[in-house]
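The values are calculated or read from the model by the stated rules, or taken from the named source; none is laboratory data. Quantities reported herein were computed from a predicted structural model and do not represent experimental measurements. Cβ atoms come from the backbone with ideal geometry, glycine included; neighbour counts cover every protein chain shown.
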């Protein structure tokens, strides 16, 4: 693996990444189950993992925080529950925070939509702002756990250095346009695709929905994750990338394999 740049994303699998942002290191949506193991999605439903994660908890670098979009087995699994440090700060939904606290995690930061958690280190500030998301259509949204997207902002000496949108497991909905209105100068978007279907119902973006969101948000750089890892993921990565290309959307697509690292765009002071 290449030596990470000052701001970079290392893809572990599913929606699990290590984000190195200035002096901060974040983990997102930890899923460490091995190929062939099953994840339990509730209501008697499960899905088999098709890929091997690039890291296990013991392989992770020292972390400043975990950003958890929602509490689902493929985003926070039994390995994460057993082996992540109990004092690791976790920025997440109120629903997830309450469950994590019952499991012994001592530093949960529950954030509602447009609320933020902040961290400071060495003259730098990292802010994580919760964004809206909808994990399923119609009545399905009341069955699935609440989900949040995140705006992750790095500042150096009060000056913006990087602003990322992490979508979380959401469908593309018109009200997500407010994200671009509130944060019009995004540097990039980390998008959850994969076209997850539960009981035949689409609950994460497929290729066309992902392209719709790229068109709506207009990120200069797009990094797709959350694809091909489980049997419930029905849309391959190529469905998304080819649709973005077909529409001629003005974003730089940075695909990243499991275990690989891509740089993230930073602003010149």
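Odds and ends about this structure:
- Subset of segment 113-170 (residues that are modelled with pLDDT of 95 or more, farther than 15 Å from residue 24 by Cβ and over 14 Å from the mean Cα position of the chain (by Cα)): 113, 114, 115
- Every residue from segment 65-87 that is over 21 Å from residue 145 (Cα atoms) and buried (at least 18 other Cβ atoms within 10 Å of the Cβ): 65, 84
- Some residue of segment 228-238 being in contact with a helix residue (DSSP H, G or I) (Cβ under 8 Å, 6 or more places away or on another chain), at negative phi, surrounded by 15 or more Cβ atoms within 10 Å (Cβ to Cβ) and free of Cβ contacts under 8 Å to residues at least 60 places away in the same chain: yes
- Test: residue in segment 130-149 that is surrounded by fewer than 16 Cβ atoms within 10 Å (Cβ to Cβ) and more than 26 Å from residue 209 (Cα to Cα): no
- Residue within segment 50-58 that is assigned to a strand (DSSP E or B) and crowded, with 19+ Cβ neighbours inside 10 Å present: no
- Each residue in segment 97-112 was checked for being touching a strand residue (DSSP E or B) at 6+ places or on another chain (Cβ under 7 Å) and either more than 29 Å from residue 180 (Cβ to Cβ) or surrounded by 14 or more Cβ atoms within 10 Å (Cβ to Cβ) (or both), and 9 pass.
- For residue 268: the one exception among (1) surrounded by fewer than 16 Cβ atoms within 10 Å (Cβ to Cβ); (2) more than 21 Å from residue 14 (Cβ to Cβ); (3) in contact (Cβ under 8 Å) with a residue 12 or more places away in the chain: (3)
- There is no residue in segment 93-106 that is over 26 Å from residue 116 (Cβ atoms) and within 19 Å of the chain's Cα centre (by Cα).
- For segment 169-188, filtered to residues that are surrounded by 17 or more Cβ atoms within 10 Å (Cβ to Cβ) and in contact (Cβ under 8 Å) with a residue 60 or more places away in the chain, the residue that is farthest from residue 138 (Cα to Cα) is 187.
- Only one entry of 203, 193, 214, 223 meets the criterion of being in contact with a helix residue (DSSP H, G or I) (Cβ under 7 Å, 6 or more places away or on another chain), under 24 Å from residue 242 (Cβ atoms) and touching a residue at least 60 places away in the same chain (Cβ under 8 Å), and that entry is 203.
- For segment 32-47, the set of residues classified as assigned to a loop (DSSP other than H, G, I, E, B) and at negative phi consists of 32, 33, 34, 35, 37, listed by residue number.
- Some residue of segment 9-19 being modelled with pLDDT under 95 and surrounded by 15 or more Cβ atoms within 10 Å (Cβ to Cβ): no
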